[in-house]
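A.B. asks: I have a structure I would like to understand better, so I am pasting it below and will then ask my questions one at a time.
The values are calculated or read from the model by the stated rules, or taken from the named source; none is laboratory data. This structure is a prediction, so every number in the text was calculated from the model and none was measured. Cβ placement follows ideal geometry from the backbone for every residue including glycine, while neighbour counts extend to all protein chains displayed.
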Amino acid sequence: MNAPLLSESELAEALTELPTWTRSGDTISRTVQAPTFLDGIELVRAVAEAAEAANHHPDIDIRWRKITFTLSTHDSGGLTALDVGIARQIDKLAQY
């Protein structure tokens, strides 16, 4: 069974708690600048572990020290509580 999509009001409320994330259509994304390249790779590793535990995986783009995470629940066709949950975990892991 697919996760239910968030309503516009639920999504707006969630994004007030995620000020570093931006919405573009059916995705939310955040770019993090790590202090060093290896710190960025370590962040990706930590996010990968959290994503595996949640069985919900972000798209990850690594550009030297800049890492962009993009979230959407593809099976549901948009944004769900799964995306908000992983975004919160990424925020906790990306505190530089």
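A.B. asks: Pull out all pairs, ordered by first then second residue, where Cβ-Cβ is under 7 Å, the residues are six or more apart or on different chains, the first lies in the stretch 50-76 and is part of a strand (DSSP E or B), and the second is modelled with pLDDT under 95.
C.D. replies: Thr73/Ala3
A.B. asks: Hey, among the residues in the stretch 20-68 that are among the aliphatic types (A, V, I, L, M) and in contact with a Gly (Cβ under 7 Å, 6 or more places away or on another chain), which one's farthest from Leu82 (Cα to Cα)? Show your work before the answer.
C.D. replies: Going residue by residue through the stretch 20-68, those that are among the aliphatic types (A, V, I, L, M) are 28, 32, 34, 38, 41, 43-44, 46-48, 50-51, 53-54, 60, 62, 67.
In the following step, the residues that additionally are in contact with a Gly (Cβ under 7 Å, 6 or more places away or on another chain) were identified as 34, 54, 62, 67.
Numbers: Ala34: 25, Ala54: 8, Ile62: 22, Ile67: 20 Å.
Result: Ala34.
A.B. asks: Any idea how many residues of the stretch 1-31 are touching a residue at least 12 places away in the same chain (Cβ under 8 Å) and not in a strand (DSSP E or B)?
C.D. replies: Total satisfying the criteria: 12.
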